[in-house]
1. Given the conditions (1) more than 27 Å from residue 89 (Cα to Cα); (2) without any contact (Cβ under 8 Å) to a residue 40 or more places away in the chain, report the number of the one that residue 211 does not fulfil.
2. Checking residue 41 against (1) at pLDDT below 85; (2) surrounded by fewer than 15 Cβ atoms within 10 Å (Cβ to Cβ); (3) polar (S, T, N, Q), only one condition comes out false. Which one?
3. Just checking, how many residues over region 150-197 are of a type outside the set (S, T, N, Q) and under 17 Å from residue 139 (Cβ atoms)?
4. With the structure loaded, tell me whether residue 64 is modelled with pLDDT under 95, within 30 Å of residue 267 (Cβ to Cβ) and open to solvent by less than 90 Å² (accessible area, probe 1.4 Å) or whether it fails that test.
5. Filter region 517-543 down to residues that are open to solvent by 40 Å² or more (accessible area, probe 1.4 Å) and at pLDDT 90 or above, then give me how many there are.
6. So, residue 68, is that one at negative phi and in contact with a Gly (Cβ under 9 Å, 6 or more places away or on another chain) or not?
7. Scan region 29-80 residue by residue and report those that are over 20 Å from residue 257 (Cα atoms), touching a helix residue (DSSP H, G or I) at 6+ places or on another chain (Cβ under 6 Å), of a type outside the set (Lys, Arg) and in a helix (DSSP H, G or I).
8. Suppose the filter is in contact with a helix residue (DSSP H, G or I) (Cβ under 7 Å, 6 or more places away or on another chain) and either among the charged types (D, E, K, R) or surrounded by 12 or more Cβ atoms within 10 Å (Cβ to Cβ) (or both); does residue 200 pass it?
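The values are calculated or read from the model by the stated rules, or taken from the named source; none is laboratory data. Quick caveat, the model's predicted, so the values are computed rather than measured. When we count neighbours, we look across all protein chains shown, and the Cβ atoms used for this are built from the backbone with ideal geometry, even at glycine. Accessible surface is based on the protein model in full, side chains and every heavy atom, while ligands, DNA and RNA are left aside. Shrake-Rupley method; radii C 1.70, N 1.55, O 1.52, S 1.80 Å.
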Amino acid sequence: MSWGTELWDQFDNLEKHTQWGIEVLEKYIKFVKERAEIEINYAKQLRNLSKKYQTKKNSKEEEESKYTSCKAFQTTLNETNDYAGQHEVISENMTSMIMAELTRVVQELKQERKAHFHEGRKAQQHIETCWKQLESSKRRFERDCKEADRAQQYFERMDADINVTKADVEKARQQAQIRHQMADDSKGDYSSVLQKFNHEQQEHYHTHIPAIFQKLQDMEERRISRLGESLKTYAEIDRQVIPIIGKCLDGITKSAESINGKQDSQTVVDSFKSGFEPPGDVDFEDFTQSMKRTVSDTSLTAPRGDIGKSEAKTPGKSRGKLWPFIKKNKCFGFHQGATPEDFSNLPPEQRRKKLQQKVDELNKDIQKEIDQRDALTKMKDVYMKNPQMGDPSSVAQKLIEIGNNIEKLRVEVQKFEGWLAEVEGRLPSRDNSRRQSALYETQTTAPVNNCVQDRESSPDGSYTEDQSQETEVKVTPTEFDDDFDDEEPLATIGTCKALYPFDGENEGTISIAEGEILSVIEEDKGDGWTRIRRNEEEEGYVPTSYIEVYLDKNAKGAKTYI
């Protein structure tokens, strides 16, 4: 089956068909280009999505990443990012392996097709020229034959007419002979041109055109084969990334199977366990004793010091055992300035973990310094044995610095181990005099220690695991005890207007609405929180930056601004 023999007369249709074939190839190239753009855009969107939900450093999410469910989600984000990378590979391979290759093929096919059809048109023009020559020779031969026939008829008429002179007859005879000779010459020329045309036509339809059409057929079949190969490549590009995509999906499945609810529950315990014992029963406070003392005859003569002593022994003086739930507590996880070095602002269990973590970090730093020191020592020994390799004194100063660093780190480790031993109960309790001194310090220094006092911590600014130690601090009661122990409501020292709404979700805070007017009962002490009251019933802390404060200069405790 050959185009040259089967389609010898379909030059124009073949020209249209081959042009259509190239357009099909160009359409496929355009399809692959758009598919590659879709893949790269999809990969970009996947990467942006994965980046959007990645855990941010120095944020609460980083702390939450210790849970197995959060780790699984993080793994899913990482696998999604890798999954996006495979779509980028698909786009790159389609661009380089299909688009670039087929674009080059299309250019070659266009040039080859143009050359073949140029050759075909040239052959057609040649055969048409030969045909025109044949037609011209044929018409000339036909004309000469007619002219010779008319000349012969004229001669015969002249010869039969008795009235015509002999000279006229001879002239007619000669003219007839000339016309017959011209007809014979035209016949020979026509025969020669016809023979030549038949030969050219034979060559045209059996040699030249079949050869040209065969080249076009080969070109078209090559185009079709190249399109088929590209379709296979198109599928293979996808198939190559399927194993990697499968691994990404397997990683997501494996991370999902690694989620452990029990382990996460234990992590919650480890993260928030305070180490305190639950509060005991609340003692009954007998307020009838003050009534009996009033109606007693001896109460009028009893010294005020005795009254103060008796009141100091009443059960009502042992308050504060429910410290996690008291509204006066203003810590509740708020950031109250810088964290103490010994983590004394944390509950015992959390403090122990932080101290243990710090000890481990310091030990790792020490090990790094020791490894570096050992390496430099070996280098120094090599330099001493082989002076040409280096100067031993060049590492001596560095060894001294490393030694000093190791000593400093060891001192730090001992300090933190001491605090850790204190929390774990391995060191003896401190004496009362030191406790009273620490109590005075915590009442007059940093806001963090005040926060710890509100939480019923030990007077030295750190939590204690034995709550019985709280009773070791004994202050001699005075006649002013009633002013502090009766928990009288704090006086209003001014008003404030809420600039922004605040939810007040944490315990110890109070929610406010924008534009709301409230009473100020305690100023910001530098920790960023102001204590306010609403309707003489609700009170709590709000961020100072959320309100505009109007203090009463005459109120007790209000600052005087100059």
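1. Of (1) more than 27 Å from residue 89 (Cα to Cα); (2) without any contact (Cβ under 8 Å) to a residue 40 or more places away in the chain, only one is false for residue 211: (2).
2. Among (1) at pLDDT below 85; (2) surrounded by fewer than 15 Cβ atoms within 10 Å (Cβ to Cβ); (3) polar (S, T, N, Q), residue 41 violates only (1).
3. Filtering region 150-197 for residues of a type outside the set (S, T, N, Q) gives 150-151, 154-162, 164, 166-173, 176, 178-180, 182-185, 187-190, 193-194, 196-197.
Filter once more, so that each one left must be under 17 Å from residue 139 (Cβ atoms): 150, 179, 182-185, 187-190, 193-194, 196-197.
Qualifying residue count for the region: 14.
4. Yes; evaluated as a whole, the condition is true for this residue.
5. 1
6. yes
7. Within region 29-80, 29, 32, 36, 39, 40, 42, 43, 46, 50 meet the criteria.
8. Values: in contact with a helix residue (DSSP H, G or I) (Cβ under 7 Å, 6 or more places away or on another chain): yes; either among the charged types (D, E, K, R) or surrounded by 12 or more Cβ atoms within 10 Å (Cβ to Cβ) (or both): yes.
So residue 200 fits the description; yes.
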